[in-house]
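The values are calculated or read from the model by the stated rules, or taken from the named source; none is laboratory data. Here the structure is a predicted model, which is why all the values come from computation and not from measurement. Here the Cβ positions follow ideal geometry from the backbone for every residue, glycine too, while neighbour counts run over all protein chains shown. Side chains are part of the model used for accessible areas, which takes the heavy atoms of the whole protein and leaves out ligands, DNA and RNA. Shrake-Rupley method; radii C 1.70, N 1.55, O 1.52, S 1.80 Å.
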Amino acid sequence: MANAREEILGRIREALKVTAPKPHFKSESHGATHSINAKPWLPDGGETESARLELLSENLAKLKANLIRVPNAAAANQALAQISQTKNWKKVAYHSHPLVSPAAEALPCEKWEVGASLDKQKLEGCDAGVTSCEALVSQLGSILVSSESSGGRSLSILPHVHVVIATTDQVVADLETCFKQVLEKHRSKLPSMLSFITGPSRTGDIERILVLGAHGPKELYVILIG
Amino acid sequence: MSNAKDIFLKEATTASADGPQRIFINKALGGYYANRDIQKARYRDWEKARDAASLAKWTAVNDLANTLETFVKKFEGNGGKVHWARDAAEARNIILKLIADAKAKAVVKSKCMTTEEIHLNDALEKAGYSVVESDLGEFIQQLRGEAPYHFVFPCMHVKREEISALFTKHLGTAPTNSPEELTMIARRHLRQLYVDADVGITGANFLIAETGQISITENEGNARLTAALPRVHIALSGIEKVVKNLDDLSVLLPMLATAGAGQPMTCYNTLYSGPQQPGECDGPKEFHLVLLDNARTQLLADPEQRDALHCIRCGACLNVCPIFKNIGGLAYGTTYQGPIGSVITPHLRGLEQWNHLSGASSLCGACTDACPVRIDLHHHLLHNRRNANQASPNLFDRLFHRGFNFVISRPRLFAFGGRVFRFTLPVLKKIPLPYLSAWLKTRDLPPAPAQSFREQWKESNHG
């Protein structure tokens, strides 16, 4: 039996011997060369920092995520403590990070710093996961977490509540800019997982009615410093 | 013996006669239309964004061999393993072997239409593994023992009362009519299964050649959990899912969400580039990707319909299709329903058996207008009709058209024929003639006028 890889690639090359016409568009601005720069046509991400922050907060609100703006790290710690009290958290998981650790360690409940390896059963029993992030995208209200910036893959998805602590200089305008930054930052090796989180987990599978908290966090908090 | 066409005609007739169900489906889609329009309005130019999305897919598909090779090299460089499958059986065998090698007992799956296409669940269950669909809609359909109704909204046809009864029967939970409570029942039930599963199976929405990542789009978080907790992650993807780079993805991700579900962005869009890396605290130890052909290269070989491989499976064409809305998703009998399913199924499963789907269209073009990557869907339905007719010409059609052509090019004969037809119509209505009797089954034919149009015209102008 011929090697499947070679056979499939052979079929593809054979099929592509006949060329398909390039799509014709009514808009004339592109078509001749391969330029997909769609940025000017996608939703706006904001030109200035204040415009970006305003868009981000608007989009997060529409997504039913909770944004808490605070002036400094000390206020962020207080904000986290307040959520913890209101929600009556018993057990909180977090990862080691200059913004996250001090806030989580000060909480008046059981705390667990996920270490080199993660006990998934233990994490399942936690009320909340507190993480940092790679970036926030004002255009869409998305938060980019990664296995590197956010304590692995499970911490931001398994606990019932996810709290992100971030700073305003992490806000970028759009997806394209965000990808550019990520590629630059992780030039040598990408984190094995990069995930754009856009609001708390949701489903519309039952009669297309929106329900929050299908499998991932039911609630998403963003504590934004600056 | 019934073939696909007979089953389709029977199912479609039953479904389209079910008025309350049609109202239910239209109501369920109402919210989608409203949200989609709100989100589309946020684009500075939706039409030009569609051009860009279309061009991104065109570029990758028309350079598929190179794009795939670049992707595979990067993917394997990141520590993943690629497996190539020529057809469904080969893909099933690869996945079964991977699961056996992992000495797995329990398998958890996130939503993936490609696994439906290769009938993976049947194969896994026959081999003795317990498989759980974790997407809420797929989970409900799995309990119902029914195929997905819509490839994005799998159980949109099921009422909450039915779901409540289903959960009571299978999970022993108390009846409830609240979608929220029903969702929480599934959440509680599935949670431990993620933790216990040895293997997680997902699909992939995009493969990115530039970085060797696979991109998975979902709302519930079940794919995130499936790719985080089990020790082996197996992803299955069609070869056509590859795109050149992350720039292309920055267009396709928001458009997929807006066109597919009326969202600015789907809740979780996740890029995976490998198994757990040194310094990372969790993630699978092994990461496998099965790349599936399964007749996609046949569609690729047809330059006229090659753009059907641009499909990003958003489901927008289903949501606007008058046929889908009236006959529902199950009648199609295909993995992919609606206009895109009617276009590609004849290529994937054989034109002769599945050409009837090309007739299940009003050719209104709503699908083509809705498609975010500008697939020329309704013309492809015509192309399939033409191809089928060329492959096995229908004798009746040929004779009919030849006769019609003969008559209409002779004005006197046409006038005479018209007169005969007008007088014999009351009788013709009662004779079971091909096509006419099927047409008249659900329609009334008005009585024929005494004069033909040409006679009336003459009188009104010269009388």
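The figures follow:
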read-out	value
Selection status of B:SER110, assigned by TED's automatic domain parsing to the domain that holds B:GLY221, among the hydroxyl-bearing types (Ser, Thr, Tyr) and at pLDDT 95 or above	yes
Criterion (in a helix (DSSP H, G or I), open to solvent by 50 Å² or more (accessible area, probe 1.4 Å) and modelled with pLDDT of 95 or more) met by exactly one of B:HIS383, B:HIS379, B:HIS401	B:HIS379
Among (1) in a helix (DSSP H, G or I); (2) within 17 Å of A:ASP44 (Cβ to Cβ); (3) facing another protein chain (nearest Cβ under 9 Å), the one test that B:ARG44 misses	(1)
Of all residues in region B:248-267 being among the hydrophobic types (A, V, I, L, M, F, W, C) and open to solvent by 10 Å² or more (accessible area, probe 1.4 Å), the one that is farthest from the other protein chains (Cβ to nearest Cβ)	B:LEU256
Options B:ASP51, B:ASP18, B:ASP37; residue that is among the acidic types (Asp, Glu), within 30 Å of A:ARG208 (Cα to Cα) and open to solvent by less than 40 Å² (accessible area, probe 1.4 Å)	B:ASP51
Some residue of region B:307-320 being touching a Lys or Arg at 6+ places or on another chain (Cβ under 6 Å), at pLDDT 95 or above and closer than 27 Å to B:PRO346 by Cα	yes
Filter result for B:PRO275 (open to solvent by 10 Å² or more (accessible area, probe 1.4 Å), in a loop (DSSP other than H, G, I, E, B), touching a strand residue (DSSP E or B) at 6+ places or on another chain (Cβ under 6 Å) and not basic (Lys, Arg))	yes
Verdict on A:LYS189 being outside any loop (DSSP other than H, G, I, E, B), surrounded by fewer than 24 Cβ atoms within 10 Å (Cβ to Cβ) and without any contact (Cβ under 8 Å) to a residue 40 or more places away in the chain	no
Qualifying position, being hydrophobic (A, V, I, L, M, F, W, C), more than 15 Å from B:PHE287 (Cα to Cα) and over 21 Å from the mean Cα position of the chain (by Cα), among B:VAL152, B:VAL131	B:VAL131
Filter pass, B:ALA12 being part of a helix (DSSP H, G or I), closer than 30 Å to B:LYS441 by Cα and within 8 Å of chain A (Cβ to nearest Cβ)	no
Any chance A:THR203 is open to solvent by 20 Å² or more (accessible area, probe 1.4 Å) and either among the basic types (Lys, Arg) or in contact with a strand residue (DSSP E or B) (Cβ under 8 Å, 6 or more places away or on another chain) (or both)	no
Unique match (being touching a helix residue (DSSP H, G or I) at 6+ places or on another chain (Cβ under 6 Å) and assigned to a loop (DSSP other than H, G, I, E, B)) among B:ILE340, B:ILE312	B:ILE312
Selected residue (criterion: nearest to A:CYS133 (Cα to Cα)) from residues of region A:43-64 that are in a loop (DSSP other than H, G, I, E, B) and open to solvent by 20 Å² or more (accessible area, probe 1.4 Å)	A:LYS64
Qualifying residue in region B:353-365 (condition: farther than 30 Å from B:ALA28 by Cα and of a type outside the set (Asp, Glu))	yes
Considering residues of region B:386-398 that are of a type outside the set (Lys, Arg) and not in a loop (DSSP other than H, G, I, E, B) only, the residue surrounded by the most Cβ atoms within 10 Å (Cβ to Cβ)	B:ALA388
Within region B:358-376, considering residues that are touching a Lys or Arg at 6+ places or on another chain (Cβ under 8 Å) and small (Gly, Ala, Ser), the one least open to solvent (accessible area, probe 1.4 Å)	B:SER358
Given (1) touching a residue at least 24 places away in the same chain (Cβ under 8 Å); (2) more than 9 Å from chain A (Cβ to nearest Cβ); (3) open to solvent by 10 Å² or more (accessible area, probe 1.4 Å), number of the condition B:ASP307 does not satisfy	(2)
Residue tally, condition more than 7 Å from chain A (Cβ to nearest Cβ) and either in contact with a helix residue (DSSP H, G or I) (Cβ under 8 Å, 6 or more places away or on another chain) or of a type in the set (D, E, K, R) (or both), over region B:54-67	5
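To keep it simple, each residue is scored yes or no on (1) among the charged types (D, E, K, R); (2) at pLDDT below 95.
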| position | (1), (2) |
| --- | --- |
| B:MET1 | no, yes |
| B:ALA41 | no, no |
| B:TRP58 | no, no |
| B:ASP63 | yes, no |
| B:THR67 | no, no |
| B:LEU98 | no, no |
| B:HIS119 | no, no |
